[in-house]
Amino acid sequence: MELKQRSASQTLNQESNWPITTFAHRARLAAGCATLLFSIAKSLVLTTAAPRAWLESMLAATVAYFTADLVTGIYHWAIDNYGSAQTPIFGSQIVGFQGHHHRPSQLAKPPVAYNVHIAAAAVTAVVTPINLLCSDPVFLLFVGVFAGCVMFSQQFHAWAHTPKGRLPTLVAMLQDAGIILRRADHAAHHRPPFNNSYCIVSGVWNRVLDRSKFFVALEVVVATALGHEPRSWSDTISDWSEKSGTN
Ligand SMILES: [Zn+2]
Ligand SMILES: [Zn+2]
């Protein structure tokens, strides 16, 4: 099972036990960053010609930032609780996230390109047509900020597992300010009852969603409508907890 999880989710360097970053990973990251920069640059150019759009653009960027946190929470909840290695498209991510619960600190080891290359490829594929076809500066900025937060969310997650002394100064400052996911806030996701704190951009939605039992209600709806119970309802300890000696 262990070997199956690793082969499905990552290729490991035999000596360091770190995932290997390939040229393809770096190329996907570069393409994703270029796509995001194009969205934001096109928005700024168009806004210069329509100064009254500045306020709307700033509002759109703020809404995008908060929406991205919420969307990563819903996606993380779905990946953690439903499907399997055999699930089309998402199977490797489902296995990867389950492996992360068993070896949380491993996530701090890979380079940025390894952590975000899948999201970067998705951003390039989805946002490029929008960049080419859209001339609304407000919408372009919304898309650029939203896609950027989603694309780097797994890196924000990785930094929440990185000892503070190993973080770049700017990253540590952003964490302290709560602009990106704080280490202490995400730690709750890896403690019993293993059914909360799913959001990984800033984590600002975690308290609201957890206190309102949003995901519990969603799980009841899914179980009632589709007959699929979430993993968080069963075998909690063995499925979700950190395994000693695996870090
Ligand atoms: Zn998780
Ligand atoms: Zn984590």
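The values are calculated or read from the model by the stated rules, or taken from the named source; none is laboratory data. The structure displayed is predicted, hence computed values, not measured ones. In this analysis, Cβ positions are derived from the backbone assuming ideal geometry, glycine residues included, and neighbour counts consider all displayed protein chains.
In region 158-191, which residues are within 15 Å of the chain's Cα centre (by Cα), within 16 Å of ligand 2 (Cβ to nearest atom) and part of a loop (DSSP other than H, G, I, E, B)?
Result: Ala160, His161, Ile180, Leu181, Arg182.
Condition first: more than 20 Å from the chain's Cα centre (by Cα) and within 16 Å of ligand 1 (Cβ to nearest atom). Now tell me which residues in region 197-217 satisfy that.
Residues of region 197-217 that are more than 20 Å from the chain's Cα centre (by Cα), as a first pass: 211-213, 216-217.
Hit for region 197-217 is Val216, nothing else.
Every residue in region 86-123 that is part of a loop (DSSP other than H, G, I, E, B), out of contact with any strand residue (DSSP E or B) (no Cβ under 8 Å at 6 or more places or on another chain) and in contact (Cβ under 8 Å) with a residue 40 or more places away in the chain, please. Explain how you work it out, then say what you get.
If we filter region 86-123 for residues that are part of a loop (DSSP other than H, G, I, E, B), which is where we start, we get 86-90, 103, 109-111.
Retained after the next criterion (residues that are out of contact with any strand residue (DSSP E or B) (no Cβ under 8 Å at 6 or more places or on another chain)): 86-90, 103, 111.
Answer for region 86-123, where residues must be part of a loop (DSSP other than H, G, I, E, B), out of contact with any strand residue (DSSP E or B) (no Cβ under 8 Å at 6 or more places or on another chain) and in contact (Cβ under 8 Å) with a residue 40 or more places away in the chain: Arg103, Pro111.
Among (1) under 15 Å from the mean Cα position of the chain (by Cα); (2) within 11 Å of ligand 1 (Cβ to nearest atom), where does Phe194 come up short?
It fails just one condition, (1).
I'm told Asp185 meets every condition in (1) within 16 Å of ligand 1 (Cβ to nearest atom); (2) under 19 Å from Ile79 (Cα atoms); (3) free of Cβ contacts under 8 Å to residues at least 60 places away in the same chain except one. Can you identify the failing condition by its number?
(2)
Go through the residues of region 21-33 one by one and say whether even a single one is among the polar types (S, T, N, Q), assigned to a helix (DSSP H, G or I) and surrounded by 17 or more Cβ atoms within 10 Å (Cβ to Cβ).
Just the residues of region 21-33 that are among the polar types (S, T, N, Q), to begin with: 21-22.
Cutting the leftovers down to assigned to a helix (DSSP H, G or I) gives us none.
Among the residues of region 21-33, not one is among the polar types (S, T, N, Q), assigned to a helix (DSSP H, G or I) and surrounded by 17 or more Cβ atoms within 10 Å (Cβ to Cβ), which makes the answer no.
Conditions first: (1) away from ligand 2 (no atom under 16 Å from the Cβ); (2) part of a helix (DSSP H, G or I). Pro51 passes all but one, so which condition is the exception?
(2) is the only condition that Pro51 fails.
Ser241 - would you say it is at pLDDT below 95, hydroxyl-bearing (Ser, Thr, Tyr) and touching a His at 6+ places or on another chain (Cβ under 9 Å)? Please lay out each step first, then the result.
Working: at pLDDT below 95: yes; hydroxyl-bearing (Ser, Thr, Tyr): yes; touching a His at 6+ places or on another chain (Cβ under 9 Å): yes.
Answer is yes for this residue.
Give Ser197, Ser202 a once-over and let me know the one that is more than 12 Å from ligand 2 (Cβ to nearest atom) and among the hydroxyl-bearing types (Ser, Thr, Tyr).
Details: Ser197 fails: more than 12 Å from ligand 2 (Cβ to nearest atom).
The conditions single out Ser202.
Write out, first by first residue and then by second, each pair whose Cβ atoms fall under 6 Å of each other, whose residues are 6+ apart or on separate chains, and whose first residue, in region 196-212, is in a helix (DSSP H, G or I) while the second is not polar (S, T, N, Q).
Asn206/Cys199
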